Every structure is written in structure tokens, then in C-alpha cells.
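**Student:** I'd like to ask some things about the structure below.
Bear in mind these aren't lab numbers, they're just calculated from the coordinates by the rules spelled out. Just so it is clear, the model here is predicted, and its values are computed rather than measured. Using ideal geometry, Cβ is built from the backbone for each residue, glycine included, and neighbour counts are taken over all protein chains shown.
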């Protein structure tokens, strides 16, 4: 596993993230990137208060993250970075050190999105295209991966499946 | 009477509530919400908001299964001094306690939550420890 685990999850930090990722990899540093949470003292406090002992959470806006020199600021150990949507991933992907990062998708359960990826991840076509674009541009596979001990699903496989469905429909 | 909401992962809350009714009989003003794989956090939050608002004058306690889990994270957003309290780690003795105490109108929502949480904490026992101290 790469040192920087970069996750898209609309529930941000929750049971699967704490038990599955933070505790499993003994991650000490976590960054949550979200403009509205960074702007809300109460929400920031809540997310900080649910961190396991020894894990430190920083909440920052997209702009603050774009100015962060990740590899210099976090030289050793695992770093978990979480954003809440594919759109936010798109906005910040220029500052992800890709060669050190494992990009994965957790929960994305917007009800009107019709492309099922896992039982708690649904995308729309625009989001899928965006992920494929980022993946191709950086030659980096992106996975839907709920828990580290479960099998990851390559987003490109979902994309190819969608293309086949469209061909059959035509 | 303070309203009770039980919001958990899966069907835990529903079954726990059924278990509590087996012991203390039918209960009014209880809403059960569940987060399943694929549930939208925004939809759950909207349901919760509707329940908490409708019952605003009496106050609500939201019980969740685990501090740090989605049910708890969503609920804490509705924390409102005197009107809405959130108690995580729900167990059967907690529900029994809150159902018996909530008829007591002198208790504020916060006090009711504190007493309920204490009942939950006090109910967790390692039997061997008790025997060891008191008998062996």
C-alpha cells in the first residue's frame, strides 16, 4: 500500500474509516478537506473528537490544501487524506503526490446516481468520466475500496462495463 | 414527554427497540432510523431534522450505536441545548431507563440523557469480576 491513502467518502470519517483504515494501518495523520466543515467550528470539533487516540486530524479548506507541501510536511508514515466528493477530488488532484498515493473511493451514496460500483458507492456518468480522466492522465489506477481487507474494484473496469452496456443498448 | 429516536447501523435499532418493548411494553413517541449500505447521509439527516422539528416543544434524545460512526456523526449536528441530546453506545438497559424516566417532566433533556447514559454504563459487567470481588 502506498504511504498516502487518498480517499473520497461522502461520510468523511465514520466507522468503516476508523476501524478499517485508521486503526488497521495505525494511521497517525489524517487530513479532511472540505470547505464547509473547515468553516464550521462545531463540525470540525466533532470530527476531531471522534479520532482514535494517537491519530491527529486536520480539517482544511480546498485552498489551504492546494498550498500544502504534503511530502515535506508529512515525511514519514501513513497519511490519510479524505474529500467528500468526486468534484472536490477534481479540484485538488493537482496537489496529490500521485506516485506515493493510493486513490480510493468509499461511500458515495447519492440516491439519484445510477451507476452502481459497490453496495455503498454509486456514481453518475460525469463522475465516472472524471475518475477515468484523472486515472488516464496520471497513469494511476483508482479503486472503489470499502475496507482494506476487501477486494478493491478498479474504476476502469466499471467504465468498460458501462461502455459495453451502452454498445448493447445501441 | 421527551421523544426518542434510535439511529443505528443496519437493523440493530429496530430489533433493540422490539427487545425493549418485550420488557416494558408498547412505547409511544419513538422513531427508528437505520443506515444501510448505500443510504444517503443527506436523506437520513433530512428525516432526522423532520422528526426533531416536529417534536421540538418536548425535546428529543437521539440514541446511536457508536460514537464516531455515521449515525452518531449525523445526529450530533442536531445537538441543541435543552432540546436535543445525542447519546451513543445504545444498549437495552439504557432504553429501559429512558422509557421509565421520560415521564418525569422535571428532568431536562440533558439530565435525562445523563441518567440514561449512566444506566447504560453501569449495566456493563464482566461477571467473573463481580464473583471474584464478592464471593471468591
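**Student:** Nearest 10 degrees is fine. How inclined is helix A:125-137 to the longest principal axis of chain A, computing both from alpha carbons?
**Tutor:** Relative to chain A, helix A:125-137 is tipped by roughly 70 degrees.
**Student:** Just to check, using Stokes-Einstein with a Kirkwood Rh over alpha carbon pairs, what's the diffusion coefficient of the stretch B:25-81 at 25 °C and 0.890 mPa s in µm²/s? Kindly include the intermediate steps, with their values, before the conclusion.
**Tutor:** Details: Rh = 12.2 Å.
Result for D is 200 µm²/s.
**Student:** Hey, could you get me the Stokes-Einstein D for chain A, Kirkwood radius over alpha-carbon pairs, 20 °C and 1.002 mPa s, rounded to whole µm² s⁻¹? Display every interim value, and only then the final one.
**Tutor:** Numbers: Rh = 16.5 Å.
For these conditions, the coefficient is 130 µm²/s.
**Student:** A further question follows. First measure r as the distance between the Cβ atoms of residue B:108 and residue B:27, then evaluate 1/(1 + (r/R0)^6) with R0 = 22 Å and state the FRET efficiency to the nearest 0.05. Numbers along the way, then the final one.
**Tutor:** Details: r = 20 Å, r/R0 = 0.93.
Between residue B:108 and residue B:27 the formula returns 0.60.
**Student:** While we're here: Between residue B:79 and residue A:75, with labels modelled 7 Å along Cα→Cβ, what's the label distance in nm to one decimal, could you check?
**Tutor:** About 3.7 nm, to one decimal.
**Student:** Round to the nearest 0.05 the FRET efficiency obtained for residue A:26 and residue A:170 when R0 = 45 Å and r is the Cβ-Cβ distance. Please list the in-between numbers first.
**Tutor:** Values: r = 49 Å, r/R0 = 1.10.
Once the sixth-power term is evaluated, E becomes 0.35.
**Student:** With no solvent and one equal point scatterer per Cα, compute the Debye intensity ratio I(q)/I(0) for the stretch A:73-170 at 0.16, 0.18, 0.20, 0.24 Å⁻¹ and report its log10, rounded to two decimals.
**Tutor:** -0.71, -0.89, -1.08, -1.49
**Student:** Here's a follow-up. Given R₀ = 51 Å, what would the calculated FRET efficiency be for residue A:163 paired with residue B:126, taking r from the Cβ atoms and rounding to 0.05? Before the final figure, lay out each step's value.
**Tutor:** Numbers: r = 57 Å, r/R0 = 1.12.
So, using R0 = 51 Å, E works out to roughly 0.35.
**Student:** Whole angstrom only: what separates the Cα centroid of the stretch A:107-170 from the Cα centroid of the stretch B:60-136?
**Tutor:** Here the answer is 40 Å between Cα centres.
**Student:** Nearest-5 percent of antiparallel DSSP beta bridges in the stretch A:1-142?
**Tutor:** Around 10 percent of the beta bridges assigned by DSSP in the stretch A:1-142 are antiparallel ones.
**Student:** Moving on. What is chain B's relative contact order, in percent, from Cα pairs under 8 angstrom and six or more apart in sequence? Write out the running numbers ahead of the final one.
**Tutor:** Values: 188 pairs, mean separation 34.4, N = 136.
Reported as a whole number, the value is 25 percent.
**Student:** Let me ask another. May I ask you to sort B:116, A:44 by Cβ crowding, counting other Cβ atoms within 10 Å and putting the fewest first?
**Tutor:** Numbers: B:116 27, A:44 18.
Least crowded to most crowded, the residues run A:44, B:116.
**Student:** Starting with the fewest neighbours, write out A:105, A:158, B:124 ranked by other beta-carbon atoms found within 10 Å of each beta-carbon. Numbers along the way, then the final one.
**Tutor:** Numbers: A:105 27, A:158 21, B:124 9.
Listed from fewest to most nearby Cβ atoms, that is B:124, A:158, A:105.
**Student:** Report the convex hull volume per residue for the stretch A:71-118, counting only C-alpha atoms, in Å³.
**Tutor:** Details: hull volume 4.9 nm³, N = 48.
Value for the stretch A:71-118: 101 Å³ per residue.
**Student:** Among A:99, B:31, A:19, which comes first, then next, by fewest other beta-carbon atoms within 10 Å? Provide the component values of the computation, followed by the final result.
**Tutor:** Values: A:99 10, B:31 20, A:19 15.
The most exposed by this proxy come first: A:99, A:19, B:31.
**Student:** Run the helix sum for chain A: -39,500 (n - 2.57) per DSSP H stretch of 4+ residues, divided by residue count, reported at 222 nm to the nearest 500 deg cm²/dmol. Write out the running numbers ahead of the final one.
**Tutor:** Details: 7 runs with 57 residues, N = 170.
After summing the helix terms and dividing by residue count, I get -9000 deg cm²/dmol.
**Student:** Given points 7 Å out from each Cα along the Cα-Cβ axis, report the residue B:53 to residue A:35 separation in nanometres with one decimal.
**Tutor:** 2.5
**Student:** With the Cα gyration tensor of chain B in hand, convert its eigenvalues to equivalent ellipsoid semi-axes via √(5λ) and list them largest first in whole Å. Provide the component values of the computation, followed by the final result.
**Tutor:** Values: eigenvalues 136, 66, 38 Å².
Output for chain B: semi-axes of 26, 18, 14 Å.
**Student:** Evaluate the Debye formula for the protein assembly as shown with equal point scatterers sitting on the alpha carbons, no solvent, and hand back log10 of I(q)/I(0) at q = 0.16 Å⁻¹, in q order, two decimals.
**Tutor:** The computed values of log10 I(q)/I(0) come out as -1.25.
**Student:** For chain A, what relative contact order do you get, as a whole percent, if you take Cα pairs closer than 8 Å and at least 6 residues apart? Mind showing how you got there, number by number?
**Tutor:** Numbers: 268 pairs, mean separation 46.1, N = 170.
Answer for chain A is 27 percent.
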